[in-house]
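Below is one structure, written out as structure tokens, with a few remarks after it.
The values are calculated or read from the model by the stated rules, or taken from the named source; none is laboratory data. Since this is a predicted model, take the numbers as computed values, not measurements. Here the Cβ is made from the backbone with ideal geometry for all residues, glycine too, and neighbour counts use every protein chain on show. Only protein heavy atoms, including side chains, enter the accessible area calculation; ligands, DNA and RNA are left aside. Shrake-Rupley method; radii C 1.70, N 1.55, O 1.52, S 1.80 Å.
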Amino acid sequence: MTDKTAITLTVNGSDHHIACAPRKTLADALREDCGLTGTHLGCEHGVCGACTITVNDAPVRSCLMFAVQAEGGDIRTVEGLAKGDDLSPLQQFFIDEHALQCGYCTPGFLMLIEGTLRQTPDISEDELDEILSSNLCRCTGYRNILRAARRALDHARTTTPEPAA
Amino acid sequence: MTDATLPNARRSAWIGQSVTRLEDRPLVAGLGRFVADMDRPRQLHARIVRSPHATGRITDIDCAEADAMPGVTVWTAERLGEVPRIPFRATKISGLEPYVQPVLAVERVRYVGEPVAIVFAEDPYVAEDAAETIFVDVEDDNPPILDARAAPGTFLPGISTEPVVVEKGYGDVEAAFAAAAHVVELDLATGRHSGIPMEPRGALAEWDAGRGHLDLWGATKRPHWNRDRLAEMFGLSPTCIDLHEPHVGGGFGIRGELYPEDVLVCMGAMRLRRPVKWVEDRREHMMAANHSREQQHLIRAAVDADGHILAIDETLHHDQGAYVRTHGARVADMSIGLLLGPYRVPAYAARAHFRLTAKTPAATYRAPGRFEGSFVRERLMDAIAQRLAMDPLELRRRNFIGTSEMPYQRGLTALESEVVLDSGDYDGLLTKAQDFCGWNDMQAEAAARRAAGEAVGIGLGFFVEKSGLGPSELVRVTIATDGEIEIVTGAASLGQGMETAIAQIAADTLGADYTACRVIHGQTDRITHGWGAHASRVTVMTGEATRRAATELHDRARDMAAELLDALPTDVILDGGRATNTATGDHVTLGQIAAALDPVSPRRGDRQPGLSAEAWFHNTHMNYPYGAHIAMVAVDTETGRTTVERYAISYDVGRAVNPAMIEGQILGGLAQGLGGALLEEFRYDQDGQPLSVTFADYLMPSSAEMPEVAIQILEDAPSPLNPLGLKGSGEAGVTAAGAAIAAAIDDALQRPGLVTRLPVTPQYLHARLAQFDAGGDA
Ligand code: FES
Ligand code: FES
């Protein structure tokens, strides 16, 4: 079929040497070739945000990007948030605030918040709320996600961010 | 060991605590296992070729190009040969059989999105490429029927597109209308929308030819029923098929029914002797998974001079779409069976025209028949109040069934059971709801803002839900020698938090830590029977079966512990994961007790080996939680856009196992209810082409559309039908959303009776305002 190219993706600080067709999306490459299935697909059209990851700290929709475009970038997925068994504060806020039910949209929301706060730790609450309206969740009715995000914002304001491992 | 300080309070009183969920940790870590995340060695990937036409005779399916592609296999109905059709699970009304959907279209297509062929390939991208080369030639003969009120057409020669008219009722309706002081009539409609879980559907099947055994991953909702039906369809023993429920990204009634794709994937695995994986894309989901909600209601009430309802007469046209799927006529049937909600109605006559159209087949979606019915009934109550110049809340109070009348026999059936309202204080809840939301202040604020030129209004919808559908559930609880507790149930989990709720009930009963519990669900190889997750049944049915099994284990553990502690059983309490002698403070852990009951343990004596118990709960009647939705909206009269500013829900759940999770269910349900009230609709053009197949055309609420919501959970009316008094909470957030929003918009625009149809989109509102102001009816 389509010829495959050898590329290297740097995901959560580790290099993945994979061979993939130029038309393969970054989301599919992460899931199928890197074995990182925490990144989910809800629409493959760039609308729902379930596939959100960060590339060089910017939240991006991995269903809209080709894997080959991500070579050389610092790719972060939900699997990279925890340090070993220790969840990140953001992950813990989601649990404490009942900000998930089925959990399908959760990786996308987590990475959207993570990337946003890394890029703009001084973002206003209203701006953060507005950014969160770009991802869809069908279970929670959003209010608890907004609460968890607010806590993450407070946390970001009061702590100096650690560089990602 | 001795522990001198016994806790005064029971540490394991988990029921009623808003603990964090057991489900969450893997899900926030990206370690969930959804069906698309699973693979089997040497698997093939399937892609469905779907009809691009709404209706017509298939003249040709050109597969030549796909057939020539290496490694590609294509099946059409003809190549597949005879396959039994998927039978009905619910509300089997005789005469529905001809309308069942074949797994691949036979001779005709009947809606856009109908499976006409399946492609198998080594790679999902290749499967998609191959599917795109397949052309389906269709000869349009009859124009598609797209309105359930249009005259029925022909489904097959001699068979009409109206399979059945369901009738229900009691009392002398004619006499009541003859004697009425007022007759109020409304013509109302709800739009076509559906559950739309964020995770698309998927299936992965593997056939082990040596063992003659089929495994299917991706099941949910009704794994045991689906296993049994697949066994029948394939001529296999149910012992040769297992269904496995992985993580599930939301169901809302639509996921987990047996769909044509599930059958095709299994057949692929069995015939091609390789595992087959299929994951749909969003566009397919919108055209192929069950739709719901589209109904038209002509409802009339006979009322006396004081506002007492004397009779209701109702004609429903239910738009079923192109085939009848597993639910049979359930939604139409329960729409009229549960329509009356909390009100006393001395005489009732209803007929539901269950009609097929050239659209995606419909079935249940969270609060099926009750979202629609509550909209209709509460619109009617508001219209009666308007006609009699009466306060709409006072009108409701006059017609509420009283606490002293409970249990109240409706004289109707729904979900194949008699409707008997088990307990409730509707009047009391309405008072609490008014206090809770600050009804008078809200009214004053809205009036002041209207006086200042804004279009702000308040609406109320009162509703009765149903939950705890039987017939049965089986649970097995086992305490391991390390003190961990395994609870196996045939119920299912679609993300609603059932593991946590069931763990809380088990741990509370056993005197253990709820985090020591592991709840196994949706695995047919782990338990013989199961009725799954639907109709807000899991907390009630699995919860009570769990309590029973845990009670037996509690007593057996205490008996063993008494010997280990040299105490009287009555002096031993189980709490915090251990048994304590209250006389001495000595204790042993649950794990030590389990070890002492090991089959070869010398301490066991002639006690039953192990620490494992099974229990059944059987239930012939549903229970009926209830509540009120109160909305405050502002309408932008320029754009026609409605903003929900504030929302309050009061809900009596009988007994709240985990209030935070119940609030979560209600909030999430409300988002879906607001979607159905204001945004979401599957639209079709006049040729039957669907216009809402992406998230850009089918608008679901985002966080920007969700107001702050105040939720009041009440426990005033525990169910007498189970010892804990449990009722379900899965659907309460949806039920009266359409009703409350419609009333609030009427109020905002000071035009009683304005809203006659959902969703109230800006386009609808503009058109309807013009019509209303010109003096026209709906
Ligand atoms: S899957 Fe990428 S935005 Fe929906
Ligand atoms: S938690 Fe299910 S989609 Fe968000």
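The residues on offer are B:619, B:581, B:623, and the sole one that is open to solvent by 10 Å² or more (accessible area, probe 1.4 Å) and either out of contact with any Lys or Arg (no Cβ under 9 Å at 6 or more places or on another chain) or closer than 30 Å to residue B:425 by Cα (or both) is B:619. Please go through region A:39-49 and pick out each residue that is in contact with a strand residue (DSSP E or B) (Cβ under 9 Å, 6 or more places away or on another chain) and within 13 Å of ligand 2 (Cβ to nearest atom). Result: A:40, A:41, A:48, A:49. As a summary of the residue check, residue B:752 satisfies the conditions (1) under 25 Å from the mean Cα position of the chain (by Cα); (2) open to solvent by 50 Å² or more (accessible area, probe 1.4 Å) except for the one numbered (1). A residue that is out of contact with any Gly (no Cβ under 7 Å at 6 or more places or on another chain), of a type in the set (A, V, I, L, M) and over 30 Å from residue B:331 (Cβ atoms) occurs nowhere in region B:521-538. Note on region A:26-42: residues that are more than 10 Å from chain B (Cβ to nearest Cβ) and open to solvent by 30 Å² or more (accessible area, probe 1.4 Å) amount to 1.
For region B:698-712, what are the residues that are of a type in the set (A, V, I, L, M, F, W, C) and surrounded by fewer than 18 Cβ atoms within 10 Å (Cβ to Cβ)?
Passing the criteria: B:699, B:704, B:710.
A single member of B:261, B:280 is open to solvent by less than 10 Å² (accessible area, probe 1.4 Å) and either within 16 Å of ligand 1 (Cβ to nearest atom) or at pLDDT below 95 (or both), and it is B:280. Here residue A:87 passes the criteria (1) facing another protein chain (nearest Cβ under 9 Å); (2) among the hydrophobic types (A, V, I, L, M, F, W, C); (3) open to solvent by less than 30 Å² (accessible area, probe 1.4 Å); (4) out of contact with any Ser or Thr (no Cβ under 9 Å at 6 or more places or on another chain) except the one numbered (3). Checked against (1) open to solvent by 20 Å² or more (accessible area, probe 1.4 Å); (2) without any contact (Cβ under 8 Å) to a residue 60 or more places away in the chain; (3) part of a loop (DSSP other than H, G, I, E, B); (4) assigned by TED's automatic domain parsing to the domain that holds residue A:32, residue A:69 meets all criteria but (3). Return only the number of the condition from (1) within 30 Å of residue B:110 (Cα to Cα); (2) part of a loop (DSSP other than H, G, I, E, B) that residue B:753 does not satisfy. The failed condition is (1).
Output the residues belonging to region B:623-651 that are assigned to a strand (DSSP E or B) and hydroxyl-bearing (Ser, Thr, Tyr).
Those that are assigned to a strand (DSSP E or B) and hydroxyl-bearing (Ser, Thr, Tyr): B:626, B:642, B:643, B:647, B:650, B:651.
In region B:540-609, which strands (runs of 3 or more DSSP E) lie fully inside it and hold 1 or more residues that are modelled with pLDDT of 95 or more and of a type in the set (Gly, Ala, Ser)?
Values: elements: B:572-575, B:578-581, B:587-589.
Fully inside region B:540-609 and qualifying: B:578-581.
None of B:231, B:189 is among the aliphatic types (A, V, I, L, M), away from ligand 1 (no atom under 16 Å from the Cβ) and over 18 Å from residue B:267 (Cα atoms) except B:189. Across region B:652-673, the qualifying residues are those that are more than 9 Å from chain A (Cβ to nearest Cβ) and assigned to a helix (DSSP H, G or I), and the one among them that is surrounded by the most Cβ atoms within 10 Å (Cβ to Cβ) is B:673.
Among all residues of region B:15-25, there is none that is of a type in the set (Ser, Thr, Tyr) and away from chain A (no Cβ under 14 Å). Within region B:174-199, being touching an Asp or Glu at 6+ places or on another chain (Cβ under 6 Å), open to solvent by less than 20 Å² (accessible area, probe 1.4 Å), more than 14 Å from chain A (Cβ to nearest Cβ) and not hydroxyl-bearing (Ser, Thr, Tyr) holds for B:191, B:192. Within region A:92-102, does at least one residue satisfy the condition of being within 16 Å of ligand 1 (Cβ to nearest atom), surrounded by 24 or more Cβ atoms within 10 Å (Cβ to Cβ) and of a type outside the set (Asp, Glu)? Yes, some residue in region A:92-102 is within 16 Å of ligand 1 (Cβ to nearest atom), surrounded by 24 or more Cβ atoms within 10 Å (Cβ to Cβ) and of a type outside the set (Asp, Glu).
Kindly provide the set of residues from region A:126-154 that are away from ligand 1 (no atom under 16 Å from the Cβ) and either open to solvent by 70 Å² or more (accessible area, probe 1.4 Å) or free of Cβ contacts under 8 Å to residues at least 12 places away in the same chain (or both), ordered by number. A:126, A:127, A:130, A:141, A:142, A:143, A:147, A:150, A:151, A:154 - these are the residues of region A:126-154 that are away from ligand 1 (no atom under 16 Å from the Cβ) and either open to solvent by 70 Å² or more (accessible area, probe 1.4 Å) or free of Cβ contacts under 8 Å to residues at least 12 places away in the same chain (or both).
Would you confirm whether any residue within region A:47-62 is under 10 Å from the mean Cα position of the chain (by Cα), within 11 Å of chain B (Cβ to nearest Cβ), assigned to a strand (DSSP E or B) and within 22 Å of residue B:248 (Cα to Cα)? Yes, that holds for at least one residue.
Within region B:193-227, the set of residues being among the charged types (D, E, K, R), under 16 Å from the mean Cα position of the chain (by Cα) and more than 16 Å from ligand 2 (Cβ to nearest atom) comprises just one member, B:222. Among the residues of region B:491-544, those that are within 14 Å of another protein chain (Cβ to nearest Cβ) and hydroxyl-bearing (Ser, Thr, Tyr) comprise B:493, B:500, B:515.
If you check residue B:397 against the conditions, is it more than 30 Å from residue B:153 (Cα to Cα) and surrounded by fewer than 19 Cβ atoms within 10 Å (Cβ to Cβ)? Write out each step before concluding.
On the way: more than 30 Å from residue B:153 (Cα to Cα): yes; surrounded by fewer than 19 Cβ atoms within 10 Å (Cβ to Cβ): yes.
Spelling it out, residue B:397 is indeed more than 30 Å from residue B:153 (Cα to Cα) and surrounded by fewer than 19 Cβ atoms within 10 Å (Cβ to Cβ).
Going through (1) crowded, with 22+ Cβ neighbours inside 10 Å; (2) over 25 Å from residue B:277 (Cβ atoms) one by one, residue B:104 falls short only on (2).
Criterion applied to A:114, A:79, A:71 was being more than 16 Å from ligand 1 (Cβ to nearest atom), more than 13 Å from chain B (Cβ to nearest Cβ) and in contact with a Leu (Cβ under 7 Å, 6 or more places away or on another chain), and the one residue passing it is A:71.
Test residue B:219 against the criterion of being more than 16 Å from ligand 1 (Cβ to nearest atom), at pLDDT below 95, touching a strand residue (DSSP E or B) at 6+ places or on another chain (Cβ under 7 Å) and not in a strand (DSSP E or B), and give yes or no. Taking the combined requirement at face value, the residue satisfies it.
Considering (1) under 29 Å from residue B:692 (Cβ atoms); (2) open to solvent by 30 Å² or more (accessible area, probe 1.4 Å); (3) in contact (Cβ under 8 Å) with a residue 40 or more places away in the chain; (4) away from chain B (no Cβ under 11 Å), the lone condition that residue A:10 does not fulfil carries the number (1).
Any residue at all in region A:30-43 that is away from ligand 1 (no atom under 14 Å from the Cβ), among the aliphatic types (A, V, I, L, M) and closer than 21 Å to residue A:129 by Cα? Looking for residues that are away from ligand 1 (no atom under 14 Å from the Cβ), among the aliphatic types (A, V, I, L, M) and closer than 21 Å to residue A:129 by Cα, one finds none in region A:30-43, hence no.
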